[in-house]
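Reviewing the structure listed below.
The values are calculated or read from the model by the stated rules, or taken from the named source; none is laboratory data. Note that the structure is a prediction, hence the values are computed from the model and not measured. Heads up, the Cβs are rebuilt from the backbone with ideal geometry, glycines too, and the neighbour counts pull from every protein chain shown.
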Amino acid sequence: MNFLSFKKIAPSILVICTIAFVMSCTDNQSMKEEQPQQTPSLNVNSAAVYTTAHGSDLKLSESDPIQFGEFKQPLETEIDILIDPSKEFQTFLGIGAALTDAAAETFYSLSEENQARFLEAYYDQADGIGYSLGRTIIHSCDFSSASYTYIEEGDAELETFNIDQDRQYKIPFTKKAIEAAGGELLMYASPWSPPAFMKTNNNMLQGGKLKPEYFQSWANYYAKFIKAYESEGIPLWGLTIQNEPMAVQRWESCIYTAEEERDFLKNYLGPTLENEGLGEKKIIVWDHNRDLLFQRANVILNDPEAAKYVWGTGFHWYEDWKDGIPMFHNIKNVNEAFPDKNLIFTEGCNEGYDIESIEEPRLAERYGRSMINDFNNGTVAWTDWNILLDQTGGPNHVGNLCFAPVHGNTSTGNLTFTYSYYYIGHFSKFIRPGAKRISSISSANKILSTGFVNKDGSVVIVAMNRSDDPVEYTLTISSKTGKTTIPAHGIQTIII
């Protein structure tokens, strides 16, 4: 049964149990010190199961429920996922994607019917996958049809600042997304490069650095952007300082060392936002790959004058799969070293678009593997890259074409929902903002898992099988054990 064709999956979810747990404090450390958790009392009889599997018709489809009996000790030859809702960790913020120029332009090439279908599929929780988070771009990036800024070249005083460029596609697209999400979407913004005249290479592309004489002017630019977008009815929750500050790209890019980003934040950007009445905006540092995540966080967050402005550290998944093993441990290291700050995945996509490879399991499984491990290591929010691209993997003004979970054909108007869309949906549809991650441990590497308890008391487990064979496994929770099977190259969400 295809997920997009039915309307009754989410309302049919049966919440079997009610969990009583302490939520008197949002700070994990103070919670441990002031009031220890009590083991919740559960009455577990059955669980709803939703499955997606490559090479099948299963796409977020309701499967046979799990029936629970008395606890059974798993054997060494069996696979068991042990769930302990009494062990709570970070509070979940949301899942979403970037609303780029490329996505907006592709969206407006679709028929009104497919525009509505697209918005429902992403933002409606009952009939879609319930995105609650969004990222927007401060002027252009590689996924724009051309480079542009909001000022005339050389205008250091920002007297010509205006966002007219965004009013054709990006702003109306973003407002439609907010409306489709029920009127509220947690939005944050990221710049790829200052205007050319502010940089040492006098070019928005190919790296370069921000010239010291324009530090204040560039800080003012962020404030003007936030106010301009909010005057259009697009509230901004936060911002990152610089997208990929250690990458010299052939597209819009700008380089900051850790010390340079720290000093720009504490001496210019942080104070400027406070002076402009924007001190409540959440500032995210780094916004680059997992490999140097700890080094960047260590430099900035160990400086009290910089750290006081920082909400958290953002990271991507490119270039950090060392020897075929993603560097998830760096997320854990930052979480342990700076438990009072947050972690957010700010960008990831499958690079090198090739229409012939669009259904390969590795594409969707990269999402599943990353999301499970990122959440298990302390991440509070997860942001995909382009929410929509055209049939070429663009538009992109430097030919940096990529996959997206959904592609829109600008010639035919058709939409293609890839397996990546469904894999992300196994998290975003069922794990809702305000949920707490709980202990979920798999006894074998064949099955990856993560677990959350929503504010309504429902327990959500996501399990993924990357192997070529179906895998039978048991689920143990509250002294009860149930058994089920996950298909080859499949992902399941279990709701208790």
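Could you list, in sequence order, all residues of the range 166-203 that are of a type in the set (S, T, N, Q) and assigned to a helix (DSSP H, G or I)? Even if it seems obvious, please write down each step before you answer.
Within the range 166-203, the first condition is being of a type in the set (S, T, N, Q), and the residues that meet it are 168, 174, 190, 193, 200-203.
Scanning the range 166-203 gives a single hit, Thr174.
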- Message: Among the residues of the range 103-116, what is the count of those that are of a type in the set (D, E, K, R) and either surrounded by fewer than 16 Cβ atoms within 10 Å (Cβ to Cβ) or assigned to a loop (DSSP other than H, G, I, E, B) (or both)?
- Response: 2
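In the list Gly96, Gly128, Gly134, which residue meets the criterion of being in a loop (DSSP other than H, G, I, E, B), crowded, with 20+ Cβ neighbours inside 10 Å and within 18 Å of the chain's Cα centre (by Cα)? Break it down stepwise before answering.
Details: Gly96 fails: in a loop (DSSP other than H, G, I, E, B); Gly134 fails: in a loop (DSSP other than H, G, I, E, B).
Only one candidate passes the filter, namely Gly128.
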- Message: Any residue that is buried (at least 24 other Cβ atoms within 10 Å of the Cβ), touching a strand residue (DSSP E or B) at 6+ places or on another chain (Cβ under 8 Å) and basic (Lys, Arg) - is there at least one of those in the range 460-473?
- Response: no
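In the range 442-476, what count of residues is obtained for those that are under 13 Å from Ile81 (Cα atoms) and either part of a loop (DSSP other than H, G, I, E, B) or modelled with pLDDT under 95 (or both)? Lay out the reasoning, then the answer.
Initially, the range 442-476 is screened for residues under 13 Å from Ile81 (Cα atoms), giving 442-451, 460-465, 471-476.
If we keep only those that are either part of a loop (DSSP other than H, G, I, E, B) or modelled with pLDDT under 95 (or both) as well, we get 443-446.
Residues in the range 442-476 being under 13 Å from Ile81 (Cα atoms) and either part of a loop (DSSP other than H, G, I, E, B) or modelled with pLDDT under 95 (or both): 4 in total.
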- Task: From (1) over 20 Å from Ile387 (Cβ atoms); (2) surrounded by fewer than 24 Cβ atoms within 10 Å (Cβ to Cβ), pick out the condition that doesn't hold for Pro85.
- Result: (2)
- Note on the structure: Scanning the range 74-91 residue by residue, those hydrophobic (A, V, I, L, M, F, W, C) and touching a residue at least 24 places away in the same chain (Cβ under 8 Å) turn out to be Ile79, Ile81, Leu82, Ile83, Phe89
- Item | Elements of type strands (runs of 3 or more DSSP E) in the range 228-319, at least 2 residues being closer than 23 Å to Phe197 by Cβ and either modelled with pLDDT of 95 or more or among the β-branched types (Val, Ile, Thr) (or both) | 238-240
- Item | Extreme residue, farthest from the chain's Cα centre (by Cα), among residues of the range 242-289 that are buried (at least 20 other Cβ atoms within 10 Å of the Cβ) and polar (S, T, N, Q) | Ser253
- Just for strands (runs of 3 or more DSSP E) wholly inside the range 362-433: which have at least 3 residues that are surrounded by fewer than 20 Cβ atoms within 10 Å (Cβ to Cβ), assigned by TED's automatic domain parsing to the domain that holds Cys141 and acidic (Asp, Glu)? none
- Task: Starting from residues that are over 17 Å from the mean Cα position of the chain (by Cα) and of a type in the set (A, V, I, L, M, F, W, C), keep the ones in the range 328-347 and report whichever is nearest to Gly270 (Cα to Cα).
- Result: Phe338
